[in-house]
Amino acid sequence: MKKVPLEGLKRFRERTRLVLAGRDPEDSYGFVNTPIVRGSTVLYQSLDAFMARKARYMYGTMGNPTLDALEVALNSMEGGAGVVVCPSGLLACTLPLLATLSSGDHLLVTDSVYRPTRNFAEGMLKRMGVEVSYYDPLIGAGIASLFRPNTKVVFTEAPGSQTFEMPDIPAIASVSHEKGALVIMDNTWATPLFFDSHAAGVDLSIQAGTKYYVGHSDVLIGTVSARTPELYKLIRTTWEQLGVIVAPEDAFLTLRGIRTMALRLKEQQAAGLEMARWLRQRPEVKRVLHPALEDDPGHAIWKRDFTGASSLFSIVLNPVPHKAVAALVDHLVLFGMGASWGGYESLVLPFDCSTYRTVTRWEPGGPTIRIHIGLEDTEDLKQDLDDGFRRMTAAI
């Protein structure tokens with residue numbers, strides 16, 4: 001097998017690109033996968049080579065063959081000018097903000113943002129002298145009224161973290177660009193396979209690769225894709241200056257994960273929708289928050305802009321006391337209680353975002369639980385939840 005250049009990959013369909021991208025057996029002693037290359041020091045063969053920095057790699061913090069292979073593979077999915085890889089999804093959210101904002105700038109952030117990103121904006125960015133304000137995720141083109149002369153960046157997610165509002169990304173991006181602002185988006189839920197963020201106008205697209213890229217709940221990693229060469233140079237320079245290199249083992253495992261990503265997402269999308277529709281019929285459930293459901297308020301935008309849905313959604317229970325919710329989730333067999341998602345295992349996570357939202361009111365009318373559907377048999381998952389609902393009812 002010969003290495004297929006990035007431009008040549010474009011003639012292939014998605015699943016084929018995921019199998020091929022970043023692989024070069026001729027450069028890997030014939031092995032199918034790029035080996036794990038560990039190292040800090042790079043040796044030069046002469047003084048002239050050292051002075052000119054002509055080596056392929058200059059130091060461990062500047063990359064290595066394993067990381068290069070991952071970046072090539074990711075860029076083939078994102079379709080931008082280049083990708084940088086970070087040691088966590090959170091750092092992938094914060095790195096582009098550090099790269100694009102300075103003291104005195106103004107940042108607009110969706111009120112449904114991933115809470116650690118909000119914490120960063122409220123903490124470090126404000127200490128740096130950046131003004132931060134929030135907007136309703138459903139504002140669409142109406143965001144124009146919130147711009148100030150110093151607004152430099154708009155940060156968004158689709159759908160909203162935990163609550164799954166579906167913003168109109170093309171409308172927000174169009175207004176932002178008219179106003180001279182950049183758009184940064186956390187696209188982890190849909191991944192580049194289900195939403196082409198750059199085509200929708202997003203300048204810097206973020207993935208918590210910990211989720212669907214890796215797929216096995218054993219690596220922390222994040223990525224930032226730049227839409228233009230100028231933005232890639234900016235984000236790459238910031239990445240190099242901060243020294244946020246990822247471990248080669250993590251890069252290798254992420255490469256391995258994306259080879260099966262399309263297959264996993266296809267299975268998990270179907271399973272997620274099946275479980276969401278089943279839960280929608282349960283008498284204990286007040287509402288299911290999933291933009292791919294036909295009766296969801298964000299369904300029309302999802303159907304217009306997205307080509308698929310992942311396996312993460314939320315439910316609102318009918319009002320029950322805390323002890324009843326505990327009876328439901330504490331003794332589930334197949335659903336672990338954990339803060340991540342995107343892996344092969346199913347998860348539940350009770351949440352309440354009413355205490356930290358500042359622009360929109362979160363009043364769902366009952367306890368809320370975020371649900372991730374893994375690769376287990378859906379009939380087993382239904383039975384597990386059915387047993388939990390019986391415990392919940394008995395505890396009321």
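Derivation of every value follows stated rules applied to the coordinates shown; laboratory data play no part. Remember, predicted model here, so these are calculated numbers, not experimental data. No Cβ is skipped: glycine too gets one built from the backbone with ideal geometry, and neighbour counts run over all protein chains shown.
Exactly which trypsin sites (Lys or Arg not before Pro) in the range 43-129 are in a DSSP loop and have at most 15 other Cβ atoms within 10 Å? Write down the numbers at each step before the final one.
On the way: sites: Arg53, Lys54, Arg56, Arg118, Lys126, Arg127; in loops: Arg53, Lys54, Arg56.
When the trypsin sites (Lys or Arg not before Pro) of the range 43-129 are filtered for loop state and at most 15 Cβ neighbours within 10 Å, Arg53, Lys54, Arg56 remain.
Among residues other than Asp387 whose Cβ falls under 14 Å from its Cβ, what is the net charge (Lys/Arg +1, Asp/Glu -1)? Mind showing how you got there, number by number?
On the way: positive: Arg282, Lys382, Arg390, Arg391; negative: Glu284, Asp330, Glu379, Asp380, Asp384, Asp386.
Here the charged neighbours net out to -2.
Which angle from 0 to 90°, rounded to the nearest 10, does the C-alpha axis of helix 229-242 make with the longest principal axis of the chain?
Taking Cα atoms only, the helix is inclined about 90 degrees.
Obtain the nm distance between the two label points defined at Lys10 and His331 by a simple spin-label model: each point lies 7 Å from its Cα along the Cα-to-C-beta direction.
The answer from the label model is 5.9 nm.
Please name whichever of Val72, Thr237, Val175 sits farthest to the positive end of the charge dipole of the chain, dipole taken about the Cα centre and charges placed at Cβ: Lys and Arg +1, Asp and Glu -1.
Farthest towards the positive end: Thr237.
Measure off 7 Å from each Cα along the Cα-to-Cβ vector at Thr260 and Ala339, then give the distance between these two points in nanometres to one decimal.
2.7
Would you please calculate the Kirkwood hydrodynamic radius of the range 261-395 over all C-alpha pairs and express it in Å, rounded to one decimal?
Details: mean 1/r = 0.0649 Å⁻¹.
Result for the range 261-395 stands at 15.4 Å.
Pull up the DSSP beta bridges for the range 6-259 and report the antiparallel fraction as a percent, rounded to 5.
35
Taking the Cβ-Cβ separation of Ser354 and Lys233 as r and a Förster radius of 35 Å, what is the calculated FRET efficiency to the nearest 0.05?
0.25
Between beta-carbons, use under 14 Å as the cut-off and find the net charge around Asn150, counting Lys and Arg +1, Asp and Glu -1.
Taking every other residue near Asn150 into account, the sum is +1.
Angle between the Cα long axis of helix 248-259 and the longest principal axis of the chain, 0 to 90 degrees, nearest 10?
60
Rank Leu253, Met275, His290 by how far each Cα sits towards the positive end of the charge dipole of the range 244-296 (+1 on Lys, Arg Cβ; -1 on Asp, Glu Cβ) and give me just the farthest.
Checked the options; the winner is Met275.
With unit charges on the beta carbon (Lys/Arg positive, Asp/Glu negative), name the residue among Ile206, Gln162, Thr110 whose Cα is farthest towards the positive pole of the charge dipole of the range 6-259.
Working it through, the farthest residue towards the positive pole turns out to be Ile206.
On a 29 Å Cα-Cα criterion, which of the cross-link pairs Lys126/Lys286; Lys286/Lys382; Lys303/Lys382; Lys303/Lys323; Lys211/Lys382; Lys233/Lys303 come out too long?
From the list (Lys126/Lys286; Lys286/Lys382; Lys303/Lys382; Lys303/Lys323; Lys211/Lys382; Lys233/Lys303), the Cα-Cα distance tops 29 Å for Lys126/Lys286; Lys303/Lys323; Lys233/Lys303.
Among Ala226, Ala158, Ala271, whose mean-square fluctuation peaks in a Gaussian network model of the chain (Cα, cutoff 10 Å)?
In the Gaussian network model the winner is Ala271.
Which of Val320, Val72 has the fewest other C-beta atoms within 10 Å, and how do the rest follow up to the most?
So the residues, fewest neighbours to most, are Val320, Val72.
Suppose only helical runs count, i.e. DSSP H with n ≥ 4. What mean residue ellipticity at 222 nm does that imply for the chain under -39500 (n - 2.57) per run, divided by all residues and rounded to the nearest 500 deg cm²/dmol?
Values: 14 runs with 142 residues, N = 396.
Helix contribution divided over all residues of the chain: -10500 deg cm²/dmol.
In a GNM of the chain with a 10 Å cut-off on Cα contacts, which of Trp189, Trp239, Trp362 has the highest mean-square fluctuation?
Evaluated over the chain, the most mobile residue of the options is Trp362.
Rounded to the nearest 20 Debye, what is the dipole magnitude of the chain about its Cα centre when Lys and Arg each give +1 and Asp and Glu each give -1 at the C-beta?
Around 500 debye, computed over the chain.
Pick from Tyr135, Tyr44, Tyr212: which is most flexible by mean-square fluctuation in a GNM of the chain where alpha carbon atoms under 10 Å apart are linked?
Tyr44
Please compute the net charge surrounding Thr210, taking Lys and Arg as +1 and Asp and Glu as -1 over other residues with Cβ under 15 Å from its Cβ.
In short, -2.
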